[in-house]
């Protein structure tokens, strides 16, 4: 039986998800919903898809089991809550929610149900970053001392009119759209920082949001980190995300294409010295390729999680952790605008307790 799935939002990512999901042998796209009547008219004319301009109408007309949400960030919390109220498995584009209290609430709600909640942090499905996580968590680098997380790309290269991404209250800006990927990878590969400091956000071309953001990350272990993100960098042809990690036993540098590892002492099957592994060596094959194999892999992972064959790799809980770090950075930047001395913003104690308890509950179930 195929999973009867609805898709909400037919922008750039929505169209990509539609193409990938519609080709998956275990998904049946039962309905699509968007506010653009011209786009829906073209789909009605050229496809057999059931098209809706109203989400409530789609939910009442189609017997959905799952939904893919690819709408502007501001709408995520309300739409995910509606989907949960209809007992649907949810794949939601990143960032999860603009308010971390919404993220925590929805994570808690999802944990109380037998449903799958996944968020579209697709770099978790890239072979090089998966290998980096394995090496760090198996102690190949020894004690982690410092991490540098970078995200650069040519998104905003001139003054431009408003889109939802460049409107602060719609969820735009470099921090939410670009830096969120680097933050999530830090959480995935190493750990979630519990404090930030020295945040700087600057606008280059945008009027309402930042085009670059820099922040210092502080971890419970005592390790430090640096976040650097700039979506107005025309030295890159497309988005580039890189992590460099220094440990007591060496250094690791990783991006989408390649992993470079230097060890001071042998560890496991790795000898002392340099090791280089590339994406073609580390990538599992996918049945359908669009934009990058990681996009197909994450939709297939969503299917496998619904079938009970996998534990969600990019869950509401992990996305909530990223939301909390983003919120710390926002608050720290606001504080630095009003004070001369260096300030430190920390995760609230209630949030730390919640994520720790929830993580223990999920680990006990798995």
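The values are calculated or read from the model by the stated rules, or taken from the named source; none is laboratory data. This is a predicted model, so every value here is computed, not measured. Every residue, glycine as well, gets a Cβ built from its backbone with ideal geometry; the counts of neighbours run over all protein chains shown.
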For this session: Among what's in segment 26-64 and is in contact (Cβ under 8 Å) with a residue 40 or more places away in the chain and within 21 Å of residue 290 (Cβ to Cβ), pick the residue that is surrounded by the most Cβ atoms within 10 Å (Cβ to Cβ).
Result: 27
For this session: Kindly indicate whether any position in segment 269-280 is on the phi < 0 side of the Ramachandran plot, within 23 Å of the chain's Cα centre (by Cα) and surrounded by 15 or more Cβ atoms within 10 Å (Cβ to Cβ).
Result: yes
For this session: Test residue 14 against the criterion of being surrounded by 14 or more Cβ atoms within 10 Å (Cβ to Cβ) and assigned to a helix (DSSP H, G or I), and give yes or no.
Result: yes
Exercise. How many residues does segment 1-15 hold that are more than 13 Å from residue 50 (Cα to Cα) and in contact with a strand residue (DSSP E or B) (Cβ under 6 Å, 6 or more places away or on another chain)?
Worked result: 2
Exercise. Among 77, 42, 83, which is the only one that is farther than 23 Å from residue 307 by Cα, part of a helix (DSSP H, G or I) and at pLDDT 95 or above?
Worked result: 77
Problem set entry | Matching residues in segment 281-293 - criterion: being touching a residue at least 12 places away in the same chain (Cβ under 8 Å), surrounded by fewer than 15 Cβ atoms within 10 Å (Cβ to Cβ) and farther than 15 Å from residue 123 by Cα | 281, 287
